[in-house]
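Structure first, then comments.
The values are calculated or read from the model by the stated rules, or taken from the named source; none is laboratory data. It should be emphasised that the depicted structure is a prediction, and the values quoted were computed from it without experimental measurement. Every residue, glycine as well, gets a Cβ built from its backbone with ideal geometry; the counts of neighbours run over all protein chains shown.
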Amino acid sequence: MILKAFQEEGVTRVFGYPGGAILNLYDSLYDSSICHVLTRHEQGAVHAADGYARVSGKPGVVTATSGPGATNLVTGIANAYMDSVPMVVITGQVPTFLIGTDAFQEADITGITLPITKHNYLAKDVEELPRILKEAFHIATTGRCGPVLIDLPKDVQALEEKYNYPQEIDIAGYKPNVEGHPGQVNRAIKAIKNAKKPVIMAGGGVVRSGGYHELQEMATRGNIPVTLTLMGLGGFPASNHLYLGMPGMHGTRAANYALMEADLIIAVGVRFDDRVTGKLDAFAPRAKIIHIDIDPVEIGKNIAVDIPIVGDLKRVLQALSRRFQPGDTAEWLDKVNQWDKKVDLNPEPVDNKVIKPQQVINKINEITGGEAIIATDVGQHQMWTAQHYRFEKPRSFVSSGGLGTMGFGFPAALGAKLARPEETVFCIAGDGSFQMNIQELSTAVYYGIPVKVAIINNSCLGMVRQWQELFYNRRYSYSTFEYGPDFARIAEAFGAKGMKVDQFDQVEETIKTAMQEEGPVIMDFRVDSTENVFPMVAPNQPINNLMMDGSDV
Amino acid sequence: MKKILAVLVEDKPGVLSRVAGLFSRRGFNIDSIAVGETTEPGISRMTITVEEDSPTLEQVVKQLNKLINVIKISNITEDPAVSRELMLIKVQAEPQNRGEIQQIVETFRGKTVDVSPDSMVIEVTGDDEKLEAIKLLLQYYGIKEIVRTGKIAMVRGSKNSAGN
């Protein structure tokens, strides 16, 4: 019955790992048309489903067994929750008569995931199951998307209920608001017309809602500069002359200065995260703020908002961009254009033997023309990717923004490639992060998923090391790897292609070779381990207080 | 200032822990919470008293609204409403004090519901102020134990507290 519900919901692929308490579901998967991807760890499954969902816009579906199977999903569920990724997770549970007895492989996964799911269910009654499944997909994919978990006891799975999937849905406590309030929209139109120094700050919501054309139309017609948060990258083409780069802790001068000087910020699908605002009371002191978001909770959570608009971004932006009259922003644009919109980069090395990490990312960008799907792990390489890869298309940047999960990138890249096989998919990883889900090399090889992994290998936990250098008197406590594995040989042992690169003049050729390979490729770029991510705003500082190198700490 | 929220919820397993968990993990201060059935089967009513300023209260309400099992929230702090709480107090009472204590109880329209050789259990209902007042008076004799239900509230007149 569960599989029939999947079919009804258009699910063609699930990611998972079997075990005792979910055997019945796996038995029906055995001869089902639904394709199941067997990862090598439950965490791999949930991140792969996450990557699949981010790229396809469809819900990621995960199956795992009870107890450790379920708890291994926790990081991935929290990750999806923080980044508003639609996901339906089915976990097996011990039979209903054993629940609460500390039975073998029992864990209270609905209790554990309460704070990290949009909603969850313990389906004790098979008659309730069709409704629960229907509601789960509805809740996961509407409003502000998020993961929904269904815990399914083994005896409930075993019951064959007459299949009756509900067509209608009625959840008394769940009615997301889609249309923006017309009064507030009118106020916003007026504010935009009167603004002399407007900035659009767009985030993950733009990508999720599909409102990128509307965003582009609004920016272009209003001549309003645009900055994209980490989650928003790709939501507006980096090549557009109005694009300022990313704001915040590792943002560009143009984005941060513009926000601090603006008289109007049009915040679209963002949540004013501390990594974006820096010191909160110093953020954008002169700006009126229009905040458009599907989730009313985000409005006024971190920052006081002048014009709140709750609704689906695509719809609200449509309503806005059709009617607003542009103000005069010519002078403002002249000013903004004097600030750096890009982060400095020396594309060529001083010494061929020293590869700078940014140069590798720059090469990948040049070769793919900003058109590839890029998944990343978390840390320095993630920030360099955000700074130096010029994303042109929405849903092409797959990265753990909210939770900051190391080990996310590689399995997420596998999911992304399965969702969009026609696209080139890179995983830009760190040597620390990659080792956190390295077992998924088996999955990549077994299914022949041709993801190109570029390990930015600096033999240390670069971001930790950077903070220790800048703020902890260079006391590098447990952040350097004195021993690191030979990733190329590991790749070969798994059956993938591996390449090790330690000279700059090999970088370009290696990337090109990797792209021509039919299967998965691991490129181990040995880069300068002393390189830091700049610009940087120290924590709890105003975001125009940018350090351009470490000299001013 | 204390704020009173009337919250209609689906009577589903775990709904109380969803609500309580939300308060603890978002760092909201919950003063009291009382839950009971309503006239409609499957729907329960929570009366939640919180001590929060307005911006935080707005977050509390929005976050609660986000819970799927929460159907409706009304802030009835400003509405003309009756609110009551029931308190049981076990007070130290030697035979020679019983008369005095009984007088206090009657003044507050309470009831003595149990008497033992050296203690009495008193039941009293009312608003915060009244309960605090009797508590203060009885402290003189020695309070052994207190149990309170948490506040419940209802809007006066024909309007429904939860607004439906």
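Taking the listed residues A:V507, A:V521, A:V533, the one that is closer than 22 Å to A:V350 by Cβ and either within 24 Å of the chain's Cα centre (by Cα) or assigned by TED's automatic domain parsing to the domain that holds A:H250 (or both) is A:V533, with no other qualifying. Within segment A:274-296, the set of residues being within 14 Å of another protein chain (Cβ to nearest Cβ) and hydrophobic (A, V, I, L, M, F, W, C) comprises A:L280, A:I294. Taking the conditions (1) surrounded by 22 or more Cβ atoms within 10 Å (Cβ to Cβ); (2) touching a residue at least 24 places away in the same chain (Cβ under 8 Å); (3) assigned by TED's automatic domain parsing to the domain that holds A:P247 in turn, A:D295 satisfies each one other than (1). Screening B:T47, B:T112 for residues that are buried (at least 16 other Cβ atoms within 10 Å of the Cβ) and either within 14 Å of chain A (Cβ to nearest Cβ) or closer than 30 Å to A:E298 by Cβ (or both) leaves exactly one candidate, B:T47. Between A:G278, A:G327, the distinction of being buried (at least 17 other Cβ atoms within 10 Å of the Cβ), in contact (Cβ under 8 Å) with a residue 40 or more places away in the chain and at positive phi belongs to A:G278 only. Surrounded by fewer than 19 Cβ atoms within 10 Å (Cβ to Cβ), modelled with pLDDT under 95 and either in contact with a Leu (Cβ under 6 Å, 6 or more places away or on another chain) or more than 27 Å from A:A80 (Cα to Cα) (or both): does that describe A:D334? Taking the combined requirement at face value, the residue does not satisfy it.
Can you find even one residue in segment A:64-80 that is among the hydroxyl-bearing types (S, T, Y) and buried (at least 24 other Cβ atoms within 10 Å of the Cβ)? Yes, because at least one residue in segment A:64-80 is among the hydroxyl-bearing types (S, T, Y) and buried (at least 24 other Cβ atoms within 10 Å of the Cβ). Per the listing A:I309, A:I299, the residue uniquely of a type in the set (V, I, T) and within 14 Å of chain B (Cβ to nearest Cβ) is A:I299. Of the listed requirements (1) more than 31 Å from the chain's Cα centre (by Cα); (2) within 27 Å of B:R18 (Cα to Cα); (3) not basic (K, R), A:N164 misses just one: (2). Annotation: of all residues in segment A:102-141 being under 23 Å from the mean Cα position of the chain (by Cα) and aliphatic (A, V, I, L, M), the one that is nearest to A:P68 (Cα to Cα) is A:I112. Would you pick out the residues in segment B:117-154 that are in a loop (DSSP other than H, G, I, E, B), more than 15 Å from B:Q103 (Cα to Cα), of a type outside the set (D, E) and touching a residue at least 40 places away in the same chain (Cβ under 8 Å)? Once the filter is applied, which keeps residues that are in a loop (DSSP other than H, G, I, E, B), more than 15 Å from B:Q103 (Cα to Cα), of a type outside the set (D, E) and touching a residue at least 40 places away in the same chain (Cβ under 8 Å), segment B:117-154 yields B:G142, B:T149, B:G150, B:K151. Looking across A:I192, A:I171, one residue alone is touching a Pro at 6+ places or on another chain (Cβ under 7 Å) and either buried (at least 22 other Cβ atoms within 10 Å of the Cβ) or not assigned by TED's automatic domain parsing to the domain that holds A:T329 (or both). It is A:I192. Looking at segment B:60-83, can you tell me whether even one residue there is within 14 Å of another protein chain (Cβ to nearest Cβ), in contact with a strand residue (DSSP E or B) (Cβ under 8 Å, 6 or more places away or on another chain) and more than 28 Å from A:P308 (Cβ to Cβ)? No, segment B:60-83 contains no residue that is within 14 Å of another protein chain (Cβ to nearest Cβ), in contact with a strand residue (DSSP E or B) (Cβ under 8 Å, 6 or more places away or on another chain) and more than 28 Å from A:P308 (Cβ to Cβ).
Note on segment B:129-163: residues that are in contact with a strand residue (DSSP E or B) (Cβ under 7 Å, 6 or more places away or on another chain), within 20 Å of B:L5 (Cα to Cα) and surrounded by 11 or more Cβ atoms within 10 Å (Cβ to Cβ) amount to 11.
Consider B:G14 carefully, then state whether it is surrounded by fewer than 17 Cβ atoms within 10 Å (Cβ to Cβ) and more than 11 Å from chain A (Cβ to nearest Cβ). Spelling it out, it is not the case that B:G14 is surrounded by fewer than 17 Cβ atoms within 10 Å (Cβ to Cβ) and more than 11 Å from chain A (Cβ to nearest Cβ).
With respect to the stated conditions, A:R271 fails to be charged (D, E, K, R) and either in contact with a strand residue (DSSP E or B) (Cβ under 6 Å, 6 or more places away or on another chain) or more than 14 Å from chain B (Cβ to nearest Cβ) (or both). Within segment A:271-309, being among the hydrophobic types (A, V, I, L, M, F, W, C) and in contact with a Leu (Cβ under 9 Å, 6 or more places away or on another chain) holds for A:F272, A:V276, A:F283, A:A284, A:A287, A:I289, A:I290, A:I292, A:I294, A:I303, A:I309.
Listed by position, the helices (runs of 4 or more DSSP H) enclosed by segment A:1-104 that each have at least 2 residues that are hydrophobic (A, V, I, L, M, F, W, C) and modelled with pLDDT under 95 are A:2-8. Screening A:G143 with (1) part of a loop (DSSP other than H, G, I, E, B); (2) within 11 Å of chain B (Cβ to nearest Cβ); (3) on the phi < 0 side of the Ramachandran plot gives one miss only, at (3). Do the conditions hold for A:E331, that is, is it over 29 Å from A:K118 (Cβ atoms) and outside the structural domain of A:I266 (by TED's automatic domain parsing)? Criteria not met by A:E331.
Between A:I109, A:I90, the distinction of being within 14 Å of chain B (Cβ to nearest Cβ) and among the hydrophobic types (A, V, I, L, M, F, W, C) belongs to A:I109 only.
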